[in-house]
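Any read-out appearing in this document is the output of simple, stated calculations on the displayed coordinates, not a laboratory observation. Here the structure is a predicted model, which is why all the values come from computation and not from measurement. Counting neighbours? That spans all protein chains shown, and the Cβs are built from the backbone with ideal geometry, glycine included.
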Ligand SMILES: Cc1cc2nc3c(=O)[nH]c(=O)nc-3n(C[C@H](O)[C@H](O)[C@H](O)COP(=O)(O)OP(=O)(O)OC[C@H]3O[C@@H](n4cnc5c(N)ncnc54)[C@H](O)[C@@H]3O)c2cc1C
């Protein structure tokens, strides 16, 4: 069997790994993308809600008000659920998440991520043009619906804060909602319309289109298991189904599976996960959904994907590899049917994914401190589709000695001691 040689191995061909591979390639590096699947974008990057969230300045932190926490503890909030039997496995992580969500620390996370968020759509636009897939970016923006005056008022306050950082948004009343989405029915206190974010009607295909661009420009793809990664003289080696690959440097971009590589190398990084589900349904008759729509108080989102209306759920805390428990999806279905004319399910069963999250909701990007030539790029939480290309640029700039466009310090793994 042949042994491939390159400058860099990028482990994981999700949106994050593909984004890093393309930016390294642009800077003259010979890159091999490695994934256990034959195609890119088959992991978490396949099943998300398709939002390039360039307006999400404030990351999703742990709530601080007692009422909300009580609802979570009782498993009564539609947007968050936890698997009681798995509680011992994720409770220590939840405590860290809670501590990292104090107002000061949450603001620190938001400000650290801001340059990446502001860059997110620009990076996608450039890659979409190069990959020649303009149909995969829709300029619809998205809508957040609110059913109570209280939740609407709190969202309007958040919007006012976000406006200080250049976010555009509009508060809609019932008739303005009906003008944007004539097929919605329900009693809404109001909505927020965010016009700027991009919408990707097939996120898995976008990752594949980027991977195809990478290959067109001379990049190689290796089907193999990242767990076989080993340090060898002069670099790193990974096993593939048709032979191994070696390179001077390696990037861990395995999303929620990144621990499979960093843990055996002796790194104790608090990578947690927030699981989520989706199911596609056919719209009934001629019903059209013009934007992705979040039913905020009921905790689910409807997105007009190419395959049908994708219903995505909020967060489920459970072990990554525990069997799926799509209870939130089952709860959301009748609510979604009441809001929009939905027909039959298009998928045979729900899809499940896991958002890779660090407690401070910032990714880990940068050098592995104890291994020469090893780099990390994972933990993109709720924003991996959004940030993959932007963090790919940041990582590639760091790896090639360019001046990084954003301060990389907040993303260093050393922040966990
Ligand atoms: C329900 C839901 C909705 C979401 N909505 C949005 C949204 O609207 N906008 C947004 O920006 N983000 C959203 N996200 C988050 C986003 O999907 C993730 O942050 C992102 O996909 C993470 O990308 P990644 O490349 O790091 O991981 P992945 O896409 O999971 O890629 C990791 C890759 O590693 C490979 N791999 C794993 N183990 C091995 C191994 N042993 N050997 C080789 N390869 C391996 C996998 O096959 C996979 O291709 C959502 C997530 C969920 C679950």
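When residue 60 is tested against (1) under 30 Å from residue 237 (Cβ atoms); (2) within 16 Å of the ligand (Cβ to nearest atom); (3) surrounded by fewer than 21 Cβ atoms within 10 Å (Cβ to Cβ), just one condition goes unmet, and that condition is (1).
Is it the case that residue 395 is surrounded by 18 or more Cβ atoms within 10 Å (Cβ to Cβ), within 13 Å of the ligand (Cβ to nearest atom) and more than 30 Å from residue 262 (Cα to Cα)? In short, no.
Only one of the listed residues (323, 369) is surrounded by fewer than 21 Cβ atoms within 10 Å (Cβ to Cβ), touching a residue at least 40 places away in the same chain (Cβ under 8 Å) and in a loop (DSSP other than H, G, I, E, B). That residue is 369.
From the list 302, 329, the one residue that fits, being without any contact (Cβ under 8 Å) to a residue 60 or more places away in the chain, within 17 Å of the chain's Cα centre (by Cα) and within 15 Å of the ligand (Cβ to nearest atom), is 302. Selection over segment 66-105 of residues that are in contact (Cβ under 8 Å) with a residue 40 or more places away in the chain and outside any helix (DSSP H, G or I) gives a count of 9.
What do you reckon, is residue 247 buried (at least 20 other Cβ atoms within 10 Å of the Cβ) and in a strand (DSSP E or B)? The answer is yes for residue 247.
If we keep just the residues of segment 220-244 that are under 17 Å from residue 375 (Cβ atoms) and part of a loop (DSSP other than H, G, I, E, B), which is nearest to the ligand (Cβ to nearest atom)? Top of the filtered list is 229. Might you let me know whether segment 4-14 holds any residue that is more than 11 Å from the ligand (Cβ to nearest atom), over 23 Å from the mean Cα position of the chain (by Cα) and under 17 Å from residue 317 (Cα atoms)? Checked against the condition, which is being more than 11 Å from the ligand (Cβ to nearest atom), over 23 Å from the mean Cα position of the chain (by Cα) and under 17 Å from residue 317 (Cα atoms), segment 4-14 yields no hits at all. List pairs: first residue in segment 375-389 and at positive phi, second residue outside any loop (DSSP other than H, G, I, E, B) and near the ligand (Cβ under 6 Å from one of its atoms) anywhere in the structure, Cβ distance under 7 angstrom, at least six positions apart or on different chains. Sorted first by the residue in segment 375-389, then by its partner, the pairs are 379/356; 381/355; 381/356.
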